[in-house]
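Q: Just dropping this structure here.
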Amino acid sequence: MCPPGSGSKDRIVTDEPTRRAIDAVWRIESPRLIAGLTRMVRDIGTAEELAQDALVAAMEQWPDAGVPRNPGAWLMLTAKRRAIDLLRRNETYARKLQIVGHELETEQRIQDTVPGGVDPARAIEDDLLRMVFTACHPALSREARVAITLRLLGGLTTDEIARAFLVPESTVAQRIVRAKRTIATKQIPYEVPHGAELAERLTSVLEVVYLIFNEGYAATSGADWMRLDLCEDALRLGRVIAGLMPDEPEVHGLVALLELQASRSRARTGSANTPIMLLDQDRSRWDQLLIHRGLAALARSGALSRARGVAAGPYALQAGIAATHAMARTPEKTDWIRIAGLYAVLANRAPSPVVELNRAVAVAMAYGPAAGLELADTLAASGALNGYHLLPSVRGHLLAELGRNAEARTELEQAAALTGNGAERALLLERATAVDPNS
């Protein structure tokens with residue numbers, strides 16, 4: 001993915017393998033690049049411009065010189081050199097130039113001596129974590145905090161964020177612009193908060209990490225069903241936050257959820273990158289180490305909640321649902337009654353139309369398709385999920401189970417038309433074709 005303003009890529013790079021390499025590197029490295037540059041120049045907008053300058057340099061040089069052994073380090077070094085040029089024009093450049101120069105010298109020594117370069121995984125000093133907490137500052141609205149963090153750290157486009165939030169793309173774009181303006185005008189510090197302020201912002205941070213993971217786990221657009229780089233970033237950030245606040249039950253609830261969901265990644269796609277639904281997955285391919293880690297995190301979350309005398313939070317409840325799936329050796333042994341009950345509790349504590357849709361699926365599995373369809377029909381009548389492809393997808397499946405094939409086919413075709421993901425669209429159309437409307 002290329003950032004806004006980098007449309008010159010098509011004129012610079014004509015070699016297709018190099019083009020794909022640059023796209024892949026940018027998707028993976030841009031959040032780290034922008035975060036590191038923001039620490040230097042203390043301005044997110046400027047950091048984005050410097051990152052784009054480095055990308056343009058890569059598009060000009062890599063086709064002839066080849067992709068560097070450590071492309072992320074190459075981009076950062078190039079961007080920092082441009083930062084020096086920028087700081088020369090600033091009246092306080094002397095002090096900042098000395099800092100940047102020291103960073104360049106230190107980083108170059110490490111790059112020369114450590115195979116693979118600098119390990120990006122740091123604890124509280126990690127630039128990605130600094131960016132998360134800066135973007136989640138209370139001076140920003142909740143929607144703006146999530147949108148700008150997804151844009152800068154998740155590398156998502158405004159369209160992808162809009163799909164995650166079920167809002168127009170223009171709305172997300174406005175939120176991001178306003179967030180950047182607020183950060184600049186209020187001079188929000190680029191740092192990890194401490195004490196009470198840290199706890200205050202944690203809820204928003206966890207939500208951001210969860211949404212980043214979800215975008216990687218089931219991509220809203222493009223040809224790929226999954227984008228594992230986003231899942232890995234979210235899981236790493238979740239683990240770092242758990243280390244930062246080890247006594248917070250909901251932090252461990254989120255980590256448990258991510259570990260358990262990530263455990264299915266290898267089983268979620270076929271040889272041709274086709275999606276494989278949960279009940280059709282080869283469970284021998286589920287990652288047992290991640291399941292073990294997820295169950296351990298869930299147990300810790302529960303113990304901390306009981307010690308505090310508080311109820312399980314939304315992430316811990318969702319982790320409980322994922323754990324129920326993980327412990328079922330076959331789809332037939334899944335405790336759907338327990339899952340439906342957990343969704344009912346979740347809908348009460350964190351109500352949302354998407355939770356209700358998931359509850360409809362669980363109720364259908366536990367008590368029959370008619371019961372699930374009744375909940376899905378109520379959602380459809382409310383209009384709360386208009387334009388959300390999974391609503392007609394669920395209704396189509398349940399209608400087919402009830403033998404209402406003509407209606408089912410229409411719903412599945414509508415779902416295929418609404419999704420932005422190519423692999424998912426193909427699957428939905430295949431399911432629609434398999435339904436005989438005349439039977």
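Q: With springs only between Cα atoms under 10 Å apart, run a GNM on the chain and tell me which of M277, M226, M245 wobbles the most.
A: M277
Q: Cα-based Rg (one decimal) and Dmax (whole number) for the chain, in Å?
A: Here Rg and the maximum Cα pair distance are 23.3, 79 Å.
Q: How high is the relative contact order of the stretch 121-245? Use alpha-carbon pairs under 8 Å, at least six apart in sequence, and give a whole percent. Let's see the in-between values first.
A: Details: 138 pairs, mean separation 35.9, N = 125.
Averaging sequence separation for qualifying contacts and normalising by length gives 29 percent for the stretch 121-245.
Q: Continuing with the same structure: R0 = 30 Å: FRET efficiency of D85 with A184, Cβ-based, nearest 0.05?
A: Calculated transfer efficiency: 0.90.
Q: How large is Rg over Rh for the stretch 281-330, taking Rg from the Cα atoms and Rh as the Kirkwood inverse mean of 1/r across Cα pairs?
A: Across the stretch 281-330, the Cα-based Rg/Rh ratio is 1.05.
Q: Aspartates and glutamates within cross-link reach of K333: Cα-Cα under 16 Å, excluding same-chain residues under 8 positions apart?
A: Reachable aspartates and glutamates: D280, D282.
Q: Just to confirm the number: angle between the C-alpha axis of helix 16-41 and the first principal axis of the chain, 0 to 90 degrees, nearest 10?
A: Between helix and principal axis, roughly 70 degrees.
Q: Quick one, can you get me the convex hull of the C-alpha atoms of the stretch 306-349 expressed as volume per residue in Å³?
A: Numbers: hull volume 3.2 nm³, N = 44.
Normalising the Cα hull of the stretch 306-349 by residue number yields 72 Å³.
Q: Just report the Cα centroid separation between the stretch 181-239 and the stretch 376-439, whole Å.
A: When both Cα centres are located, 31 Å separates them.
Q: Got the relative contact order for the chain handy, in percent, Cα pairs under 8 Å and 6 or more residues apart?
A: Once normalised by length, the contact order is 10 percent.
Q: I would also like to ask the following. Would you mind ranking Y217, Y315 so that the residue whose beta carbon has the fewest other beta carbons within 10 Å leads the list?
A: Starting with the residue having the fewest Cβ neighbours, the order is Y217, Y315.
Q: With N set to the residue count of the stretch 121-245, report its C-alpha Rg divided by 2.2 N^0.38 Å to two decimal places.
A: That works out to 1.01 for the stretch 121-245.
Q: Which residue fluctuates the most in the chain, going by a Gaussian network model with Cα springs under 10 Å, if the choices are A360, A408, A426?
A: Between A360, A408, A426, it is A426 that shows the largest mean-square fluctuation.
Q: Using a 10 angstrom cutoff on alpha carbons, build the Gaussian network for the chain and name the most mobile of L211, L260, L402.
A: The residue that fluctuates most here is L402.
Q: Still on this structure, I have one more. Sorted from largest down, give the three principal axis spans of the alpha carbons of the stretch 347-406, whole angstrom values.
A: Between the extreme Cα coordinates on each principal axis of the stretch 347-406 lie 34, 26, 15 Å.
FYI, it's all coordinate maths here, none of it is from the lab. Here the structure is a predicted model, which is why all the values come from computation and not from measurement. With ideal geometry, Cβ positions are generated from the backbone for all residues, glycine too; neighbour counts draw on all protein chains shown.
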